[in-house]
Amino acid sequence: MNRLQRYLFGNLLIATLYSTAGLTLTIWLSQSLRLIEIVVSAGAPMQMFLWLLMLTVPTFLGVVLPLALVGAILFTYNRLTMDSELVVMRAAGVGPFSLAQPAALLALVVVGVVYTLNVWITPSAHRELVRMEYAVRSDYSQLFLREGVFNEVGERFSVFLRERDSDGNLHKVLIHDGRDEGKPVTVMGDRAVMLTGPEGARFVVYDGNRQELDHKTGRLSQLYFERYAVDLKVLTPAAEERWPDARERSTAELMEPGSIAQDDRMRRGLIAELHHRFASPLLTLAYAAVALAALLSGEFNRRGQSLRVTVAVLMVMGLQAAALGLTSLAGKMTPFVPLMYLLPLSVLVPAVWAMSRGLRLKPGQHAPSPVAEPAA
């Protein structure tokens, strides 16, 4: 690139970084509200919340980057046009494709980044994010139990404790297990601790008794013990027993859907996800072409280009909605898969043709002439 193109590329790069940061912070804010609710309800530490928040970034960065690039192109070229810099460049003989080259190069860089995210990083991050969310929900060793009230740990399962000391011991504990409606169980103990092992979380109660009431016979049986364990693993489904969805599968797994698909519907979903990962980065080129065609073609108007910018934004939104619709249809009907690649490619040809027309002055308008330097 020559000096002029490096100047354009620098402006585009800075605007893209700012747009990406702004969109990322906005999405982070919405995600953090959901994650805070999960973490606080389970009593997990702040480090867990921050790690979950970091794992969310790759899951939406592949969508944010192309949109941030569009915003950067529209902002940069519109500002240069309003400052008459683009008009002066065209008057100096710089063609539209030369002006578009920095944006096209940046778009190719974004395409490479999005491909890297879609193929490798995003599936791993999404799988780890879901696993951590399930772990936080099911790890009752971190459960926040309030003192002096009945805590609803699970369905028909309550825990009461008088107080908790600094070592994590629970004093004067009452546990009521009503999951078996015919034989509810109540465990009372002088002290209890919560332990987590390979088999899951459990209460270990010391110096107490276990009471079980059989509703059919009306008989109450009691057991006095020095140590008794109450398993908590059965309260929630284990994360490892959950069947991962298509977004959590690695690209290598999606390339062999027959080995993991349980039925035709799941197989179609896996195929649609695989092609979505390869087709969606091409939307970056389509978005960039639409933005460049809107601002580097047609007639120059000193009163502004708000209409052109609005049309470009609406077209990008329409392309994004169409891409999402095609992905959904491809998950139901495999013949729609080729359209996922055809959609972005079909936009490039008319956009390049419109860009080749270049930016022209309106009749009666003249390019601003350089200001002559005063004589010494």
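List of remarks:
- Within the stretch 245-272, the residues that satisfy the criterion of being acidic (Asp, Glu) and open to solvent by 30 Å² or more (accessible area, probe 1.4 Å) are Asp245, Glu253, Glu256, Asp263, Asp264.
- Residue in the stretch 230-240 that is modelled with pLDDT of 90 or more and either more than 20 Å from His126 (Cβ to Cβ) or open to solvent by less than 90 Å² (accessible area, probe 1.4 Å) (or both) present: no
- Subset of the stretch 281-307 [over 17 Å from Pro344 (Cβ atoms) and either hydroxyl-bearing (Ser, Thr, Tyr) or crowded, with 21+ Cβ neighbours inside 10 Å (or both)]: Leu295, Leu296, Ser297, Ser306
- Beta carbons closer than 7 Å, at least 6 apart along the sequence or on distinct chains, never pair a first residue in the stretch 326-341 that is closer than 19 Å to Pro281 by Cβ with a second that is charged (D, E, K, R) and outside any helix (DSSP H, G or I).
- Count of residues meeting criterion [on the phi > 0 side of the Ramachandran plot and modelled with pLDDT under 90] in the stretch 159-214: 2
- Filter result for Phe60 (at pLDDT below 90, of a type outside the set (Asp, Glu), in contact with a helix residue (DSSP H, G or I) (Cβ under 7 Å, 6 or more places away or on another chain) and farther than 30 Å from Asn2 by Cα): no
- When residues of the stretch 104-120 are limited to those that are hydrophobic (A, V, I, L, M, F, W, C) and touching a Gly at 6+ places or on another chain (Cβ under 9 Å), the one surrounded by the fewest Cβ atoms within 10 Å (Cβ to Cβ): Val113
- Per-region count, the stretch 282-314, residues in a helix (DSSP H, G or I) and more than 24 Å from Leu117 (Cβ to Cβ): 11
- Look at the stretch 227-256: where a residue is over 20 Å from Phe60 (Cβ atoms) and among the charged types (D, E, K, R) and a partner is modelled with pLDDT of 80 or more and open to solvent by less than 30 Å² (accessible area, probe 1.4 Å), sitting 6+ places away or on another chain with Cβ atoms under 7 Å, you get Arg227/Val204; Glu253/Ile260.
- The residues of the stretch 27-53 include none that are out of contact with any helix residue (DSSP H, G or I) (no Cβ under 9 Å at 6 or more places or on another chain) and modelled with pLDDT of 90 or more.
- Test: residue in the stretch 40-47 that is open to solvent by less than 70 Å² (accessible area, probe 1.4 Å) and either closer than 23 Å to Tyr287 by Cβ or within 18 Å of the chain's Cα centre (by Cα) (or both): no
- Of the residues making up the stretch 63-103, those that are part of a helix (DSSP H, G or I) and open to solvent by 50 Å² or more (accessible area, probe 1.4 Å) are Val63, Leu67, Phe75, Arg79, Met82, Glu85, Val88, Arg90, Ala91, Phe97, Gln101.
The values are calculated or read from the model by the stated rules, or taken from the named source; none is laboratory data. Just so it is clear, the structure is predicted and the values come from calculations on it, not from any experiment. Every residue, glycine among them, receives a Cβ derived from its backbone with ideal geometry; neighbour counts consider all protein chains shown. Side chains are part of the model used for accessible areas, which takes the heavy atoms of the whole protein and leaves out ligands, DNA and RNA. Shrake-Rupley method; radii C 1.70, N 1.55, O 1.52, S 1.80 Å.
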